[in-house]
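Read the figures in this text as sums done on the coordinates, not as results from a lab. Everything numeric in this text was worked out from a predicted model, so none of it was measured. In this analysis, Cβ positions are derived from the backbone assuming ideal geometry, glycine residues included, and neighbour counts consider all displayed protein chains.
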Amino acid sequence: MKEKIAFRDAQKECIDGQALRKYQLERLKETVGHALRTPFYQHRLNKVGIRSSDDIRSLKDLERIPFTTKDDLRESYPRGLLATDMKKVVRVHTSSGTTGIPTVIYHTQEDLDNWTELVVRSIVACGVTSDDVFQNMMTYGMFTGGLGLHYGAERLGALVIPSGSGNTKRQLQLMKDFRTTVVHATPSYMFHFSSKIGELGFTVEELNLKKAFLGAEPYSENTRKKIEEFFKIDVYNSYGLSEMNGPGVAFECIYKTGMHLWEDAYILEMIDPETKKNLGDDTQGELVLTTLCRQATPLLRYRTRDLTTVVKGNCPCGRTHRRISRIAGRTDDMLIISGVNVFPSQIEQVIMKIPEVGNNYQIYLAKEGALDKLTVKVELYSKLFSGDLQDLERLKRKIQDELRASIVITPMVELHEPGSLPEFELKAKRVVDERIKI
Amino acid sequence: MAKQINIFVDNRAGRIQKIAESMSLANINIRALAIQDRGEFGLVKLIVNKPDKAVLALQEKGFACGIKDVLAVVMEDKPGGLYQLLKTFPEEGVNILDAYGFAAETIKGSVFFIEVKDPAQMTAFLQGKGYKVLTDQEIYEL
Ligand SMILES: [Zn+2]
């Protein structure tokens with residue numbers, strides 16, 4: 001049974017194409033005006049002949065603007081991309097990333113208000129109301145996932161439990177005592193719950209869960225199904241990144257057919273990551289975003305490194321904002337194994353379809369002489385084990401065959417005991433690449 | 001028919017101790033134990049006095065395990081006895097998947113546990129050849 005379609009602001013969410021483009025152009029001109037106040041964009045934009053917001057006459061002019069990358073953000077640290085007086089800034093979010101050089105995003109009060117409003121719109125699209133009890137099991141602090149949803153749910157008027165991540169038993173106790181209806185967590189954390197709930201003395205039936213927002217790490221459609229079936233809830237996919245505020249950039253509605261990207265707040269472009277040429281809808285490419293309602297840190301044509309596809313057609317919910325598909329991978333997560341491009345998400349998809357293995361897995365890469373050796377470690381699902389050695393060997397071959405069909409190369413497959421592979425409560429680190437050391 | 005528990009284990013230190021510990025906590029007596037090594041994992045095979053209870057205790061500790069019917073053949077302690085027994089299998093076209101034995105004081109001989117695809121059929125055949133094949137009850141009483 002489908003829920004009722006609800007809107008935060010039906011006029012904005014169902015805006016027609018022409019009105020949207022007109023609005024985007026107005027906002028883009030304003031954003032370019034803000035950006036020109038930063039040393040970084042002043043230099044960049046002047047080089048291509050953009051000296052004032054008046055040099056943006058149509059949305060087509062966006063293509064004149066060079067891309068902004070994560071490296072640009074790092075090189076501009078700490079103030080190269082600040083477009084307002086520091087006095088107007090009320091919050092910073094920094095992220096360190098793997099290289100150790102941080103990036104920073106500044107927010108004015110208005111920036112935060114706009115962000116919060118996008119989050120409210122997003123969760124309303126999934127049917128959340130002020131009657132809901134929202135338990136936020138994401139990390140708070142510099143990580144934008146926790147605070148972003150927190151303020152959105154609070155503004156909507158839901159009861160917010162800011163439990164943060166960790167302490168599984170206390171989380172379950174809170175869920176039970178406060179009749180939590182909606183949770184926000186990583187998919188790995190939800191899997192962790194499903195494996196611990198019985199052991200900790202709780203049952204799914206005594207909880208009151210209805211929905212979960214899962215994000216902060218990639219997961220497959222099968223992972224969604226497994227979690228939905230286990231907890232008897234609806235799982236909604238969402239998309240966000242700290243450079244674009246955090247959560248609330250794109251969100252599924254109750255139809256779960258891709259995530260509506262809020263085009264009155266971001267201009268969506270898709271490019272070929274190699275040639276950097278713009279791509280049409282229905283072709284997988286790298287998502288490029290331009291902020292339209294941010295004063296303190298405007299970003300123009302930011303390369304997200306996330307690979308996705310624009311979903312064709314109209315959504316039954318009536319929203320006109322285009323939808324993007326589940327993130328297929330990151331251009332920088334891509335593994336090159338013996339010259340073949342492989343995304344960890346492809347491996348996950350195969351593993352999740354095989355009932356005899358559990359949810360945890362590890363991708364292990366090593367060198368064998370000059371060759372790359374890929375080993376995929378999976379856990380045997382205890383309830384489906386017959387006790388037969390032949391079954392185990394057949395299972396290994398089956399996993400190997402299905403992986404080969406999906407990623408072209410033939411991996412070694414290792415079976416491990418249930419619960420023996422590392423499980424992470426936060427972002428799962430599932431790839432171990434030993435090749436780098438050589 | 002004798003019941004054997006096959007337990008899937010990672011090939012790393014401490015797993016067999018863990019199994020023995022959980023059997024001891026559940027007050028279950030291990031009559032025989034064998035290990036089949038397969039690289040990154042192995043199968044630990046147990047003959048115990050209460051197989052159903054043992055499986056529950058193991059599953060509670062997170063082990064993947066299953067119960068298999070196996071042949072428990074009594075062997076006299078005399079030279080060539082095992083050879084005489086094993087050679088009947090290929091004659092019948094039956095493949096031995098795994099086998100191990102243990103000496104039992106009470107019967108003044110040893111018991112051989114043999115895994116085959118169709119243990120019921122092989123039991124009848126061995127009995128026809130004069131071998132004593134133990135029932136699960138007889139094993140627990142050894
Ligand atoms: Zn929709």
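Some observations on this one:
- Taken over the range A:408-422, the criterion of being touching a helix residue (DSSP H, G or I) at 6+ places or on another chain (Cβ under 9 Å), assigned to a loop (DSSP other than H, G, I, E, B) and either surrounded by 18 or more Cβ atoms within 10 Å (Cβ to Cβ) or more than 9 Å from chain B (Cβ to nearest Cβ) (or both) is satisfied by A:I409, A:T410, A:P411, A:E417, A:P418.
- Selected residue (criterion: nearest to the other protein chains (Cβ to nearest Cβ)) from residues of the range A:257-270 that are more than 16 Å from the ligand (Cβ to nearest atom) and in contact (Cβ under 8 Å) with a residue 40 or more places away in the chain: A:M270
- Unmet requirement for A:A405, which otherwise passes all of (1) within 11 Å of another protein chain (Cβ to nearest Cβ); (2) assigned to a helix (DSSP H, G or I): (1)
- Candidate set: the range B:51-98, residues that are within 13 Å of the chain's Cα centre (by Cα) and more than 13 Å from every other protein chain (Cβ to nearest Cβ); chosen: the one farthest from B:K3 (Cα to Cα): B:V74
- Just so you know, in the range A:334-358 the residues that are surrounded by fewer than 16 Cβ atoms within 10 Å (Cβ to Cβ) and either within 16 Å of the ligand (Cβ to nearest atom) or not hydrophobic (A, V, I, L, M, F, W, C) (or both) include one that is nearest to the other protein chains (Cβ to nearest Cβ), and it is A:P355.
- Considering the range A:319-328, the residues that are more than 7 Å from the ligand (Cβ to nearest atom) and part of a loop (DSSP other than H, G, I, E, B) include one that is farthest from A:K4 (Cα to Cα), namely A:A328.
- Contacts under 9 angstrom Cβ, first residue in the range B:98-115 being among the hydroxyl-bearing types (S, T, Y), partner outside any strand (DSSP E or B), 6 or more apart: B:T106/B:E141; B:T106/B:L142; B:S110/B:D77; B:S110/B:G81; B:S110/B:L82
- Note on the range B:130-142: residues that are surrounded by 11 or more Cβ atoms within 10 Å (Cβ to Cβ) and outside any helix (DSSP H, G or I) amount to 6.
- Within the set A:K383, A:K367, A:K312, the sole residue that is within 14 Å of another protein chain (Cβ to nearest Cβ) and either of a type in the set (K, R) or within 16 Å of the ligand (Cβ to nearest atom) (or both) turns out to be A:K383.
- Number of the condition not met by A:I254 [criteria: (1) assigned to a loop (DSSP other than H, G, I, E, B); (2) within 16 Å of the ligand (Cβ to nearest atom); (3) touching a strand residue (DSSP E or B) at 6+ places or on another chain (Cβ under 6 Å)]: (3)
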